[in-house]
Structure formats: C-alpha cells, structure tokens
Amino acid sequence: MVIAGDFNCSVGSRFYKLFADCARGNNLRMTDISRLGNTFTYYNSDGSICTWIDHVLNSPEIDELVDSCYVQYDSFSSDHKPVITVFKNLYPKCSQLMDEPPAVSRDVSEWSRANSYCIAKYQYELDLALRQIDIPIILDDQETANKIDQYYDNVMLCIREACLKTIPHRTISCSCNDFVIPDWNECVRDKHTAARNAFLDWTFCGKPRSGPSHNIMKTTQLNLN
C-alpha cells in the first residue's frame, strides 16, 4: 500500500502525534520522515512560511523497496513541492511491461464552446437527473458509509450524462505517453523558468525574508500565478 499527499501535518505540530499513531496503527511506515530531515514541501508566495506537510506512507514490504526519497524543489506546478519516491524492483522485470497498452478513448466536454442555450439545457437535464436520486439518511454505521459512496457515484454519473447530452464534446485517445498540460505555452514556460531559477537562488541564499533574492522570488511567483 502507498499513501501520499498533503496531510497538513508537520513534525512537532499539534496533530503530528495523531498522524504518527494512525500510521503505526495501520502498519504503515513514514517513508519520507524516516529518510529526510530539515526539509520543506510547502511555502507561501512571499516565502514567510515553509513547512513539511506532504508525506509518503508505505506498507513495510513496499518501504523496503524504496531506493531514494527526496523533495523536488525546482517543481513549480503549485506551492507544494512533490516528494519523489523511487522504488527498485517494484514491478517484475517482464517484457510484457515494455509493450504499450492499447489506447483508451474518452469523451471530454468543451465548455468554451458551450453557449447560453447549452448551459441552460445542461442545467435542465442535470436537475431532472438529480431529482431521481435518493439522499441517504446519515447514521453512524458502515451501511450509511456505503450509501454515501453510492450517492456520490450517482451524482457524478448524472453530471457526466448531462454533459454528454448538452455540452459540445470531443473524443480523445489516451495512452500512457499522453501528457497534456492545460494552458501551457511559451509565455507560461518563460515565467515558469524565471520563477524556478529565482526560487532556487533564494533557497541557496538561505531563504531570507527580505532583500534582493527574496523580492525577485516573490515577484516571479506572482507573475507565474
């Protein structure tokens, strides 16, 4: 089992003990915490707050396969830095894994092409569909949890079907080699490069809270966002 993401919990914080107890209680190892130190995974736009709140938890048999674990500071897709975990021998060395899986087609709604009539029709169709869904009664038992999961699935199905009926869409073919970056262009690329270089310079200088490197880092981050 691998669990990774933003836990909003840093070492020594108010809820860290609950986080650690939860990991131990479910027989999970704190992969990043056991391997890293004096790091951070989140910082705000002006660099005044730097915390380590993103973590990787692995079951013992998976944790033993970890080859390296580090924070990728030069990533600027968000204000969180990804925690990169590299495994060795996680998958069997089989020639079948080298074969590219067949492409899978799916429909994607293009809301930019939807006019007022499409949106009104979408709202009408979605309203009709949602009326057919029973809202579960909330109780503290497992059956209620299953009903909530089913309720969520039904709502999402209504949204997808309403989109297909009313919103212009196109069919795309997806494979493991498809990497689509929304709104990525040369302007964004230049701003991303400037923000990344400024951030690395600021980190190299010791993450000062004022001065030239801090001001450049803050300005380039604002331009990117």
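For the range 200-223, the tally of residues that are surrounded by 13 or more Cβ atoms within 10 Å (Cβ to Cβ), out of contact with any Pro (no Cβ under 8 Å at 6 or more places or on another chain) and within 17 Å of PHE40 (Cα to Cα) stands at 7. Screening the range 119-178 for residues that are among the basic types (Lys, Arg) and part of a helix (DSSP H, G or I) and picking the one that is farthest from ARG106 (Cα to Cα) gives LYS147. Being among the small types (Gly, Ala, Ser) and exposed (fewer than 13 other Cβ atoms within 10 Å of the Cβ) is the filter; apply it to the range 82-125 and report the residue that is modelled with the lowest pLDDT. In this case the residue turns out to be SER95.
All conditions but one from (1) in a loop (DSSP other than H, G, I, E, B); (2) at negative phi; (3) modelled with pLDDT under 85 apply to ASP183; the one that does not is (2). Within the range 36-63, work out how many residues are surrounded by fewer than 15 Cβ atoms within 10 Å (Cβ to Cβ), in contact with a strand residue (DSSP E or B) (Cβ under 9 Å, 6 or more places away or on another chain) and more than 30 Å from LYS218 (Cβ to Cβ). The qualifying residues number 2.
Residue selection: ASP54 satisfies the criterion of being out of contact with any helix residue (DSSP H, G or I) (no Cβ under 6 Å at 6 or more places or on another chain) and of a type in the set (Asp, Glu). Within the range 1-55, the only residue that satisfies the criterion of being farther than 30 Å from ALA195 by Cβ and acidic (Asp, Glu) is ASP21.
The values are calculated or read from the model by the stated rules, or taken from the named source; none is laboratory data. In this text the structure is predicted, and so the values were computed from the model without any measurement. Note that each Cβ is placed from the backbone with ideal geometry, even for glycine, and that neighbours are counted across all protein chains shown.
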